[in-house]
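Working notes, structure below.
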Amino acid sequence: MVSAAFKETQSLFTPVTVYSLLACATQFVVGYILAQIWGRKCSGTDRWVLVWLFYDAIVHITLEGPFVYMSLVGTVATSDNIFAELWKEYGKADERWLHSDPTIVSLELLTVVLDGILALVLVYAIVKDKHYRHFVQITLCVCELYGGWMTFCPDWLAGSPNLNTNHWLYLWIYLVFFNGVWVVVPGLLLWQSWLSLKRLHPSYQAPKKQK
């Protein structure tokens, strides 16, 4: 007999689930390819930063952008298109994304417009080795971390009524992994900026030899 756990896993992985995960993987692959093209002259570390930035911009513009539009003209739940199906899948883990929650839509407006632009500006700053690279990098990372905190903190304080943590797919993949990436990577980039700025301080530079 097929175990109950196996049947439950089968019910979780619908065609939309598979398409959604493949779409996320495709966005990452596109980001990786763009980073290799534009970051030929960059260091290995900065090339991986470019991978993240391209992926970040692609997600904000091509995935979260349609979410904002659907939420402003209606709701994801009442929309009928390929992007709505992707967000309805994520809505199984967090219902707020289905019904135009004001906090979520407000944050996503900021994310799509500001974070999307900042990610592309930072790509340019890294590729062209501009002096404002770390100013933009710190600003973007703080925005990403603020967005993550404000996405979940209000719901946590209310007892998490909209979060579905009963299934491992929704908890560990949709909620923890896909949101955790936007905490871990910005945190690492903030640390990179901290070290780079510290090296610029006179106290960390080699003293000049006196004549």
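Observations on the model:
- Our summary gives segment 24-182 a relative contact order of 23 percent, counting only alpha carbon pairs under 8 angstrom and 6 or more residues apart.
- FRET E, pair PHE13, ILE117, Förster distance 41 Å, beta-carbon r, rounded to 0.05: 0.70
- Taking amide H as placed 1.01 Å from N in the peptide plane, the amide H of ASP94 sits under 5 Å from that of ASN164, each at least 5 places away or on another chain.
- Accessible surface of the chain [probe 1.4 Å, protein heavy atoms]: carbon and sulfur percent: 69
- Residue list for segment 125-150, given a label point 7 angstrom along the Cα-to-Cβ vector of LYS198 and an amide N cut-off under 18 Å: 134-135, 138
- For the chain, the solvent-accessible area works out to 60 Å² per residue, with a probe of 1.4 Å and every protein chain left in place.
- Compactness ratio for the chain: Cα radius of gyration over 2.2 N^0.38 Å (N = residue count) comes to 1.20.
- VAL185 contributes an accessible area of around 40 Å² to the protein surface, as traced by a 1.4 Å probe with all chains present.
- Pairwise label distance in nanometres, VAL142 with ASP80, each label 7 Å out on the Cα-Cβ vector: 4.6
- Between PHE28 and LEU188, full extension at 0.36 nm per residue minus the direct alpha carbon distance yields a gain of 55.8 nm.
- Hz values of 3J(HN,Hα) by residue in segment 159-176 - Karplus curve (6.51, -1.76, 1.60), Gly and Pro given as x: x, 6, x, 9, 9, 9, 10, 7, 10, 4, 5, 6, 6, 7, 8, 5, 7, 7
- Computed from point charges on the beta carbon alone (+1 for Lys and Arg, -1 for Asp and Glu), the dipole magnitude for the chain about its Cα centre is near 1580 Debye.
- In summary, no helical segment of the chain meets the span-like criteria, namely a full DSSP H run, a Cα extent along the axis of 18 angstrom or more and a mean Kyte-Doolittle hydropathy of at least 1.6.
The values are calculated or read from the model by the stated rules, or taken from the named source; none is laboratory data. Quick caveat, the model's predicted, so the values are computed rather than measured. Every residue, glycine among them, receives a Cβ derived from its backbone with ideal geometry; neighbour counts consider all protein chains shown. Quick note on the areas: whole protein, heavy atoms, side chains included, nothing else; ligands and nucleic acids left out. Shrake-Rupley method; radii C 1.70, N 1.55, O 1.52, S 1.80 Å.
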